[in-house]
Amino acid sequence: MKVCFVSGKGGVGKSAICASLAYYLRDWVVVDADVDSPTLPLWLGVEWEQIERLKIHRVARVDLSKCVKCGKCDEVCRFGAIERGVVDEVLCEGCGACAAICPTEAISLEKVESGEVRIGRSRYGHRVVGGRTLPGHLGSGKLVSEVKKRAQQFGENQLIDGAPGVSCAAISAITGCNLAFLIAEPSEASLQGLKRVAELCRQLKVPYRVVLNKRGLNPRAEEKIRKEFEVVAEIPFEREVYSYLCRLEPPEPLFPHVKPLLDFLK
Ligand code: SF4
Ligand code: SF4
């Protein structure tokens, strides 16, 4: 069974809840698919045993000896990543439009190291597989799918901490899961994000359950979420949880509150 934790917006407590459920499921594989912000390993005290760098992202390379400075590449680049043959690799999305338009065939696309897949163990003995984008690169669905591919060798039962939002990294995390826990906090921004990610799950045909985190912070926003969604679990706001993260300790105050979620994994 593959269960992912996703949310419409970041910062709602998704990784802490995933880590807390992992506390009860020590023979499950834990997958950190939030490759732009991999906090799950911090909650679980992961020690990495293997780190593999992957060439996933492509960037434009220009053979300046062929460049006639015509500026056609500037016109076609939607990301403002090239100017008369000079590429800004941080902005370049590797779409290839400049290479297609260049009259002198001066531009080629080259794969560069843009992410890592890491394999290790948590403090509780879980096998953990995680991804991390390298500085200057954005998380991509491809990196997440590489992470999920590696995780598959360690077992069928997986807890997957996905990216927030509805980016391709989030889509990649949710795809193929048997269940998604959608984590929300009591705020308007979270509710709007929740609607988007719920729609995404419907499109991907992945069943979902909504969990309300930080209950007690904003009763009016909580009521709005309850009106629009069936909430299967509510976790009270536990201020001290964040001091656990600062000390790189597991979020123990959440453990009893997430326990009812185990019923959905049968
Ligand atoms: S389109 Fe090609 S030749 Fe023209 S400026 Fe860009 S790299 Fe140079
Ligand atoms: S590959 Fe795409 S994003 Fe990169 S410089 Fe060329 S047109 Fe711009």
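Quick grid of which residues meet (1) in the same structural domain as Gly8 (by TED's automatic domain parsing); (2) modelled with pLDDT under 95; (3) over 30 Å from Gln152 (Cα atoms); (4) outside any loop (DSSP other than H, G, I, E, B):
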position: Ser190; (1), (2), (3), (4): yes, no, yes, yes
position: Leu194; (1), (2), (3), (4): yes, no, no, yes
position: Ala198; (1), (2), (3), (4): yes, no, no, yes
position: Arg202; (1), (2), (3), (4): yes, no, no, yes
position: Arg209; (1), (2), (3), (4): yes, no, no, yes
position: Lys224; (1), (2), (3), (4): yes, no, yes, yes
position: Ile235; (1), (2), (3), (4): yes, yes, yes, yes
position: Glu238; (1), (2), (3), (4): yes, yes, yes, no
position: Pro250; (1), (2), (3), (4): yes, yes, no, no
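Would you mind finding the one in Ser114, Ser108, Ser122 that is within 14 Å of ligand 2 (Cβ to nearest atom) and touching a residue at least 60 places away in the same chain (Cβ under 8 Å)?
Only one candidate qualifies: Ser114.
With the checklist (1) within 16 Å of ligand 1 (Cβ to nearest atom); (2) within 22 Å of Glu49 (Cβ to Cβ) in hand, flag the one item Gln158 doesn't pass.
(1)
Per-residue answers, yes or no, for (1) in a loop (DSSP other than H, G, I, E, B); (2) within 16 Å of ligand 1 (Cβ to nearest atom); (3) outside the structural domain of Gln158 (by TED's automatic domain parsing):
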{"site": "Arg61", "(1), (2), (3)": "no, yes, yes"}
{"site": "Ser65", "(1), (2), (3)": "yes, yes, yes"}
{"site": "Val68", "(1), (2), (3)": "yes, yes, yes"}
{"site": "Cys73", "(1), (2), (3)": "no, yes, yes"}
{"site": "Gly80", "(1), (2), (3)": "yes, yes, yes"}
{"site": "Val90", "(1), (2), (3)": "yes, no, yes"}
{"site": "Pro103", "(1), (2), (3)": "yes, yes, yes"}
{"site": "Gly131", "(1), (2), (3)": "no, no, no"}
{"site": "Gly136", "(1), (2), (3)": "yes, no, no"}
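If you take the residues in the range 232-250 that are β-branched (Val, Ile, Thr) and in contact with a strand residue (DSSP E or B) (Cβ under 6 Å, 6 or more places away or on another chain), which one is nearest to Ile17 (Cα to Cα)?
Ile235
The values are calculated or read from the model by the stated rules, or taken from the named source; none is laboratory data. In this text the structure is predicted, and so the values were computed from the model without any measurement. Please note: Cβ atoms are built from the backbone with ideal geometry, for glycine as well, and neighbour counts cover all protein chains shown.
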